[in-house]
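K.L.:
Below are the structure tokens for one structure; questions will follow.
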Amino acid sequence: MPMEIPVYLFTGFLESGKTSFVQSILNDPSFFDGERSLLILCEEGEKEYKPMLLEDTNTQLVVVEEKEDFNREFLALCEHKYHPERVLIEWNGMWKLSELPPDVFPKNWLVYQTVTTVDARTFDSYFVNMGTFMYEMLSNTDMIVFNRSGDKTAEQIRNRKVRMINRRADIFLDFPDGHSEAYQEDLNVTLDMNAPIVDISDADFGRWYFDAMENTDKYDRHTVRFLCQVYRPKGMQKHCFAVGRFMMLCCPEDISFSAMIARHECAETLVDRDWYTITAELRNEFFQEYEGKGPVLYVKSLEPAEKPEDDLIYIK
């Protein structure tokens, strides 16, 4: 059986600090223990890798200039030629990872971690002008490092809803003086959990939805009420349907229907995208569409409602 090869992906726009971060990783004794490393460089910036560092860390550097050249045949050739024990990939910030074929990596190459670097000084302007690229990088990563952070960086992260875009990633602020801080943010929504019915306004829906999806036990057996649209995908269980809202985190390209499973005998009669005010008891239960446990709403009432003037949910 082929040896399992860990793959580390480093994403970020040009001059965001990817090369410096990778070099710091290679210099870290806790990361390097003499393994044969393959470093695939897909974007060459002003900072270059030091030949001595590559030699000392048993690292072979390979450059890929065109996205089309980063393919399964190329990677298989790399494995055959260099026999790496781990792979580091400095990805091109203008190439979307989502466009990679799912089988691009050899079967024994497993992506262990994705790290995204951001230049805090240009973060806001990139977010405004290249929101689609920025959203994808921030949402599909395990760690986000804000290089060249300053006094306003934490505020920018809050304003741009970075924690809502990616709830699982570790976020760090690296400052010019060399120190680093972990970014923390309280995302809990303030609701009256002692009320017989927990009313969830449009203003609170986004934060409540993410909290309820991740911390379902917190709302287990509570009765909730909110404005929603309904949808019944093909193949869904009898008497089950989806309720939710279209939500935008940062830009129109990321609008998606954020939904939960609901149970009621009227499910088969509902018309997709109709509006209702739902009152339901939330239970933390296994459901196939969740691939595990998650919030299941046992409907107490489903009252027809008017579509609001602005039907999008914005995270506040």
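K.L.:
Please identify the pairs in which a residue from region 136-148 that is closer than 16 Å to W91 by Cα and part of a helix (DSSP H, G or I) has its Cβ atom under 8 Å from the Cβ atom of a residue that is open to solvent by 10 Å² or more (accessible area, probe 1.4 Å) and among the small types (G, A, S), counting only partners at least 6 apart or on another chain.
P.N.:
Going by the 8 Å Cβ cut-off, the qualifying pairs are E136/S98.
K.L.:
All but one of (1) modelled with pLDDT under 95; (2) under 20 Å from the mean Cα position of the chain (by Cα); (3) surrounded by 15 or more Cβ atoms within 10 Å (Cβ to Cβ); (4) not small (G, A, S) hold for R245; state the number of the condition that does not hold.
P.N.:
Just one mismatch for R245, condition (1).
K.L.:
Right, something else. Out of region 279-299, which residues are in contact with a His (Cβ under 9 Å, 6 or more places away or on another chain) and either touching a residue at least 40 places away in the same chain (Cβ under 8 Å) or on the phi > 0 side of the Ramachandran plot (or both)? Spell out the reasoning first.
P.N.:
Taking region 279-299 and keeping what is in contact with a His (Cβ under 9 Å, 6 or more places away or on another chain), we get 280-282, 297-299.
Once the filter is applied, which keeps residues that are in contact with a His (Cβ under 9 Å, 6 or more places away or on another chain) and either touching a residue at least 40 places away in the same chain (Cβ under 8 Å) or on the phi > 0 side of the Ramachandran plot (or both), region 279-299 yields A280, E281, L282, L297.
K.L.:
Next question. Within region 149-158, how many residues turn out to be more than 23 Å from Y8 (Cβ to Cβ), touching a residue at least 12 places away in the same chain (Cβ under 8 Å) and either open to solvent by 50 Å² or more (accessible area, probe 1.4 Å) or not in a helix (DSSP H, G or I) (or both)?
P.N.:
Keep residues of region 149-158 that are more than 23 Å from Y8 (Cβ to Cβ), which gives 150-158.
From the residues that got through so far, the ones that are touching a residue at least 12 places away in the same chain (Cβ under 8 Å) too are 150, 153-154, 156-158.
From what's left, either open to solvent by 50 Å² or more (accessible area, probe 1.4 Å) or not in a helix (DSSP H, G or I) (or both): 150, 158.
Number of matching residues: 2.
K.L.:
Could you look through region 159-181, keep only residues that are surrounded by fewer than 17 Cβ atoms within 10 Å (Cβ to Cβ), charged (D, E, K, R) and over 16 Å from the mean Cα position of the chain (by Cα), and pick out the one that is farthest from S256 (Cα to Cα)?
P.N.:
Taking the candidates together, the pick is D177.
K.L.:
How many residues does region 274-307 contain that are loosely packed, with under 12 Cβ neighbours inside 10 Å and within 23 Å of D204 (Cβ to Cβ)?
P.N.:
As a first pass, look at region 274-307 and keep what is loosely packed, with under 12 Cβ neighbours inside 10 Å: 286, 288, 291-292, 301, 303-304, 306-307.
Okay, now just the ones that are also within 23 Å of D204 (Cβ to Cβ), so 301, 303-304, 306-307.
Selection size over region 274-307: 5.
K.L.:
I need the full set of residues from region 79-127 which are among the small types (G, A, S) and crowded, with 18+ Cβ neighbours inside 10 Å, in order please.
P.N.:
Within region 79-127, the subset among the small types (G, A, S) is 93, 98, 120, 125.
Passing the criteria: G93, A120.
K.L.:
Just the residues that are in a loop (DSSP other than H, G, I, E, B), over 16 Å from G244 (Cβ atoms) and touching a residue at least 24 places away in the same chain (Cβ under 8 Å), please, taken from region 180-214.
P.N.:
Hits for region 180-214 are Y183, E185, L187, M193, P196, I197.
K.L.:
Could you check, for region 78-86, whether at least one of its residues is free of Cβ contacts under 8 Å to residues at least 24 places away in the same chain and under 26 Å from F32 (Cα atoms)? Give the derivation first.
P.N.:
So in region 78-86, the residues free of Cβ contacts under 8 Å to residues at least 24 places away in the same chain come out as 80-81.
Checking which are under 26 Å from F32 (Cα atoms) leaves us with 80-81.
Scanning region 78-86, I find at least one residue that is free of Cβ contacts under 8 Å to residues at least 24 places away in the same chain and under 26 Å from F32 (Cα atoms), so the answer is yes.
K.L.:
Could you tell me whether any residue of region 44-55 is of a type outside the set (S, T, Y), within 30 Å of R121 (Cα to Cα) and surrounded by 19 or more Cβ atoms within 10 Å (Cβ to Cβ)?
P.N.:
From region 44-55, those of a type outside the set (S, T, Y) are 44-48, 50-55; that's our starting set.
Still in the list and also within 30 Å of R121 (Cα to Cα): 44-48, 50-51, 53-54.
The next check asks that each one be surrounded by 19 or more Cβ atoms within 10 Å (Cβ to Cβ); those that pass are none.
Within region 44-55 (the criterion being of a type outside the set (S, T, Y), within 30 Å of R121 (Cα to Cα) and surrounded by 19 or more Cβ atoms within 10 Å (Cβ to Cβ)), the answer is no, since none of the residues qualifies.
K.L.:
Does region 258-270 contain any residue that is of a type in the set (S, T, N, Q) and in contact with a helix residue (DSSP H, G or I) (Cβ under 7 Å, 6 or more places away or on another chain)? Explain how you work it out, then say what you get.
P.N.:
First, pick out the residues of region 258-270 that are of a type in the set (S, T, N, Q): 258, 269.
Okay, now just the ones that are also in contact with a helix residue (DSSP H, G or I) (Cβ under 7 Å, 6 or more places away or on another chain), so 258.
For region 258-270, residues of a type in the set (S, T, N, Q) and in contact with a helix residue (DSSP H, G or I) (Cβ under 7 Å, 6 or more places away or on another chain): present.
K.L.:
Exactly one condition in (1) among the β-branched types (V, I, T); (2) farther than 24 Å from K218 by Cβ; (3) over 29 Å from the mean Cα position of the chain (by Cα) is false for I255; which is it?
P.N.:
The one condition I255 does not meet is (3).
K.L.:
Now, a different point. Looking at (1) touching a strand residue (DSSP E or B) at 6+ places or on another chain (Cβ under 8 Å); (2) over 23 Å from N188 (Cβ atoms); (3) of a type in the set (S, T, N, Q), find the lone condition where T269 falls short.
P.N.:
The one condition T269 does not meet is (1).
K.L.:
For residues in region 199-242 being more than 29 Å from E136 (Cα to Cα) and basic (K, R), which is nearest to the chain's Cα centre (by Cα)?
P.N.:
K218
The values are calculated or read from the model by the stated rules, or taken from the named source; none is laboratory data. Just so it is clear, the structure is predicted and the values come from calculations on it, not from any experiment. So basically every Cβ, Gly included, is an ideal-geometry build from the backbone, and we count neighbours across all protein chains shown. Surface areas here come from the heavy atoms of the whole protein model, side chains and all, with no ligands, DNA or RNA. Shrake-Rupley method; radii C 1.70, N 1.55, O 1.52, S 1.80 Å.
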